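Q: One structure follows; several queries about it will come next.
The values are calculated or read from the model by the stated rules, or taken from the named source; none is laboratory data. Since the structure is predicted, the reported quantities are computational estimates derived from the model, not experimental observations. Every residue, glycine as well, gets a Cβ built from its backbone with ideal geometry; the counts of neighbours run over all protein chains shown. Accessible surface is based on the protein model in full, side chains and every heavy atom, while ligands, DNA and RNA are left aside. Shrake-Rupley method; radii C 1.70, N 1.55, O 1.52, S 1.80 Å.
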Amino acid sequence: MTTQISHVDHELVQAAADVARTRCRGDNHTMAAAARTGDGRIVTAVNAYHFTGGPCAELVLIGTAAAQGFYELDTVVAVGDRDRGVVPPCGRCRQVLLDYFPSLKVIVGEGDRVRTVRITELLPESYVWADHQLDTE
């Protein structure tokens, strides 16, 4: 079930766009991400590109949120630099976001077709890591 984007989500998109516009410089930082925490705060981050790979903005965001004491994220969005707008998470990020936050909402789409979907819609019939761990108790 796809839900329409809400006012709160527009604020999140704007937060990521502001970071992309003001903090992404050159080839090392080309994407920004923003997430709303369980208590309504906004956390932002940028990717850390390197020719050997490097974490996407969404993955840096997970660590940034944890470093600030936030372990529950409600909604996430990524925005590209140079006014590229909303960019959907890559496959690796989709899997990590699902494993960390199975009820997460993700903002996707472009222009006036931006919308909010559940992470499970981006990875239907996916492997959920936590479902396959042995209980240690």
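Q: With the full set of protein chains in place, find how many percent of the accessible area of the range 1-126 is carbon and sulfur; take the probe as 1.4 Å.
A: Details: 3580 of 6960 Å².
Solvent-exposed carbon and sulfur of the range 1-126 make up 51 percent of the total.
Q: What residue among Gln95, Gln68, Gln14 has the largest mean-square fluctuation in a Gaussian network model of the chain, using Cα springs under 10 Å?
A: Gln68
Q: Between Phe51, Phe101, Phe70, which gets the highest mean-square fluctuation from a Gaussian network model of the chain, Cα cutoff 10 Å?
A: Phe51
Q: If you count only protein heavy atoms and use a 1.4 Å probe, how large is the accessible surface of Val13, to the nearest 10 Å²?
A: My reading of the accessible area for Val13 is about 30 Å².
Q: Now for a separate question. (1) 23, 18, 15; (2) 35, 22, 16; (3) 34, 18, 14: which one is semi-axes √(5λ) of the Cα gyration tensor in Å as calculated from this entry?
A: Given (1) 23, 18, 15; (2) 35, 22, 16; (3) 34, 18, 14, the structure-derived one carries the label (1).
Q: Report the charge-dipole magnitude of the chain in Debye, nearest 20, computed about the Cα centre from +1 at each Lys and Arg Cβ and -1 at each Asp and Glu Cβ. Each step should come with its number before you reach the end.
A: Values: 13 positive and 18 negative charges, 110 e Å.
Computed charge dipole of the chain: roughly 520 debye.
Q: Let me check something: with ligands and nucleic acids excluded, how do His10, His29 order by accessible area (1.4 Å probe), largest to smallest?
A: Values: His10 105, His29 65 Å².
Final ranking, largest accessible area leading: His10, His29.
Q: Can you give the relative contact order of the chain as a percent, counting alpha carbon pairs under 8 Å and 6+ residues apart?
A: Working: 262 pairs, mean separation 30.4, N = 137.
Relative contact order comes out at 22 percent.
Q: Turning to a different aspect of this structure: Compute the accessible area per residue over the range 44-119, keeping the other protein chains in place, probe 1.4 Å, unit Å². Could you put the intermediate results ahead of the total?
A: Numbers: 3830 Å² over 76 residues.
About 50 Å² of surface per residue is accessible.
Q: Would you mind working out the magnitude of the charge dipole of the range 90-137 relative to its Cα centre, with +1 at each Lys and Arg C-beta and -1 at each Asp and Glu C-beta, to the nearest 20 Debye?
A: On the way: 6 positive and 8 negative charges, 68 e Å.
Charge dipole, the range 90-137, about its Cα centre: 320 debye, nearest 20.
Q: Also: Top mean-square fluctuation among Thr37, Thr120, Thr22, Gaussian network model of the chain, C-alpha springs under 10 Å?
A: Thr22
Q: Kindly state, to the nearest 0.05, the FRET efficiency for Asp39 paired with Ser126, given R0 = 35 Å and r defined as their beta-carbon distance.
A: Details: r = 28 Å, r/R0 = 0.79.
E between Asp39 and Ser126, to the nearest 0.05, is 0.80.
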